Amino acid sequence: MHILLIDDNQQLFEVLKDNFSFVGHYLFYAPNTKSAFEVLKKEEICMILLDVRLGEENGVKTLEKIKKTYPNIPVIMITGYATVEAAVKAMKLGAFDFVKKPIDFNTLCTRIDSATQKMKYKKENEKLKNKLKAENPILKSKNFEFSNVLNRAKKLALSDISILIIGENGSGKELLADYIYRNSNRISEKFIKINCAAFPESLLDNELFGHEKGAYTGAESEYIGVFEQADNGTLLLDEIGDMPTTLQAKILRVIQNQEVRKIGSKVTKKINVRFIAATNKNLLEMVEEGSFREDLFYRLNGGLLKIPPLRNRKEDFDDLIDSLLTEISENTKREKKSLSKQVKQIFLSYKWPGNIRELKNALLYSSTISQDNEIQIEDLPPSFELYGSKNQSNLSIIQQREKELIKKVLLRNNNNKTESAKFLKMSRNTLYLKLKKYGINIDE
C-alpha cells in the first residue's frame, strides 16, 4: 500500500518509513500542503497520515483541501496537541480517525487496517448500488432494435473501446452511457460527464484541459480539467457533434495518445480514460460537409450504438409508462396514477419528438394536475393541444375522446349539466363552452 505522510518532522518520516517497509507498505513524504498535492498528482496514494500542525500551516485546513480534491482517500490525523475540539473538527471534515504523538506503531497499523476495511466495504456497497441502478427499467425493452442495442452495449462495456452513442434529443443517450459505465470494469472509478454544447469554445478548452496558475489573466489557481479528473475512469463527451472544429484536433490527440497538457503548462501527463461520446447529429454527414474530422469520428466510433426513437418502440410503452409513473410517485410522495384508455390511445398515436424526456415530463405534469387516480384527457399538458393544432389527426382524436366522455357523463346524469360538470371536475361554464365546441345540443 502507498501511504503519504504530511508532516514537517522528517525524523518521524525516517522512523515510520522503516517500520512500514517491514509490513509491506511504502511511505511517501511531504513536509507541507504544496508538496503533498505534488505527490498526490504523481502517485497512487491509498492512505494519508496528516499532522494537525504543519509548521506555520494548519493541518485541518490542509485536510479540507485534500477532501475536496481526493474525497475517497482515507485520512488519519496525527497530533501532539490532541484536543477534543481539533479531533471533532477533523472528523467532521472527513478524517477517518486520529492518533496521538508519540505514535505507537501497532495502534497506527490498527487504524490503517480499519480505514482500509471501511473503504473496501464502501466500494463493495457502491458496486451493489450501481448494479441495482444498472437494472434501470427504462433500459429494458421488448423492442427488437433497442434490445439489440442494449445487448451490444453490455458486451462493449467490458472492453475499453471508445463508444459513440447516436440518438434524438431525449432518447436516453446519457442513460445508455450510465448503463455502459455500470456494466464496465471501471465501475469503482469516476464517471465524469461534460456537455460540449454548454460552453463557448474558450471555456470548453479550459473545462477539458484545465490550466496552470497564471496561465492567463484571472487564472489565480490551478484548475484540473475533465480529462485529468476522469483519469482511471470513464468520460462522457456529450453532444460531441457541437465540438468546435478548432478543438477537434486536440481532442483526437488526447484520445489517441492518452495524454493531456494543461493550458499554460509545458508538462504532458499520461492518463488512462475510457471515452464515451454521444450526439443527436449525423456525424457522417458532418464529416462529408467538413464540419467534423473524419479521423476523430473513426477514433470515437470504436463501437456504434444507435438508439431508436420512442415512436418506434410502441411495444415498450406500457412498461415505460408504468416505471415512470412509479418513479414520479416515489419522488413526489403521492399516490401512483394510471392512464385512462383514451389517454393511452393518444400517447400511442403521438409522435413524441422529445422522446423519453418528453414522455416523463408529460406524465409528471399530468400526475400533478390530475385530481383522480386516472390521468384523463383534460390533464394532458398544453403542448398536446399545440401539437394537435399542427397535426389535425391527433387533435381530432383528443377532441373525439373528450366529446365521447362528456356525452357518456351527461347520459349517466340524465343530462344534468351541473352534476355532469362536478363529475368531470370542471366548472359549469367550462362544460357549456365544450358543449358548444363539440356541437352537443341537450335540453335539461
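Laboratory data are not the source of any read-out in this text; all were calculated from the coordinates shown. Treat the numbers as computed from the prediction; the structure is a model and nothing was measured. Positions of Cβ are generated from backbone atoms using ideal geometry, with glycine treated the same way; all protein chains shown enter the neighbour counts.
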Q.
Report the gain in length on full extension from Glu145 to Lys407: 0.36 nm times residue separation, minus Cα-Cα distance, nm rounded to one decimal.
A. 90.1 nm
Q. Rounded to the nearest 500, what is the chain's calculated 222 nm mean residue ellipticity when only DSSP H runs of at least 4 contribute -39500 (n - 2.57) each, over all residues?
A. -15500 deg cm²/dmol
(Q) Quick one: 3J(HN,Hα) in Hz for the range 277-282, Karplus 6.51/-1.76/1.60 with θ = phi - 60°, rounded, Gly and Pro as x. (A) 10, 9, 7, 9, 9, 8
Q. Which value in Å is the Kirkwood Rh of the range 138-308 over different Cα pairs?
A. 16.6
Q) Working out 0.36 nm times the residue gap between Asn441 and Glu222, then minus their Cα-Cα distance, what length gain in nm do you get to one decimal? A) 71.4 nm
Q. Residues with beta-carbon under 12 Å from that of Thr110, excluding Thr110: net charge, scoring Lys, Arg +1 and Asp, Glu -1?
A. -2
Q: Tell me which residues come under 5 Å, amide H to amide H, from Lys306 once H is placed; ignore anything under 5 positions away on its chain.
A: Ile166
Q.
Of Thr368, Asn429, Gln400, which is farthest towards the positive pole of the range 311-438's charge dipole, taken about the Cα centre with +1 and -1 on the beta-carbons of Lys, Arg and Asp, Glu respectively?
A. Asn429
Q: For Arg274, enumerate residues with amide H under 5 Å from its amide H, sequence gap 5+ or separate chain, H modeled in the peptide plane.
A: Gly233, Thr234, Leu235
**Q.** Rotationally averaged projected area of the chain (alpha carbon convex hull; nm²)
**A.** 29.2
Q | Rounded to whole Hz, the Karplus (6.51, -1.76, 1.60) HN-Hα couplings of the range 99-113, x for glycine and proline | A | 10, 9, 7, x, 7, 8, 4, 5, 5, 4, 5, 5, 4, 5, 4
Q) Counting only residues 5 or more places away or on other chains, whose amide H sits under 5 Å from the amide H of Phe28 once H atoms are built in the peptide plane? A) Ile3, Leu4, Leu5
Q) So which GluC sites (Glu not before Pro) in the range 41-75 are both in a DSSP loop and have at most 15 other Cβ atoms within 10 Å of their Cβ? A) Glu43, Glu44, Glu56
Q) In nm, what is the difference between 0.36 nm times the number of residues separating Thr418 and Gln256 and their Cα-Cα distance? A) 51.1 nm
Q | Angle in degrees between helix 317-332 and the longest Cα principal axis of the chain, rounded to the nearest 10 | A | 60
Q. In whole Å, what are the Cα extents of the range 2-126 along the three principal axes, biggest one first?
A. 39, 33, 29
Q: With everything on Cα atoms, drop me the angle between helix 245-257 and the longest principal axis of the chain, reported from 0 to 90° to the nearest 10.
A: 50
Q | Crossing angle, helix 173-182 versus the chain [Cα axis fit, 0-90 degrees, rounded to tens] | A | 40
Q. Size of the dipole of the range 138-308 about the Cα centre, Lys and Arg at +1 and Asp and Glu at -1 on the beta carbon, nothing else charged, in debye to 20?
A. 760
Q. Using only Cα atoms, what is the ratio of the radius of gyration of the range 311-438 to 2.2 N^0.38 Å?
A. 1.10
(Q) Students often get this wrong, so check it: of Lys173/Lys351; Lys337/Lys403; Lys65/Lys193; Lys42/Lys213; Lys89/Lys262; Lys336/Lys425, which have C-alpha atoms separated by over 30 Å? (A) Lys89/Lys262
Q) Looking only at the range 234-276, which residues have a backbone nitrogen under 17 Å from a spot 7 Å from the Cα of Asn195 in the C-beta direction? A) 236-244
**Q.** Charge dipole magnitude, Cβ of K and R +1, D and E -1 - the range 2-126, Cα centre, debye nearest 20
**A.** 420
Q. What shape does the range 147-244 take by its C-alpha gyration tensor, where a ≥ b ≥ c are the square roots of the eigenvalues and a/c under 1.5 counts as rounded, a/b above b/c as prolate, and the rest as oblate?
A. oblate
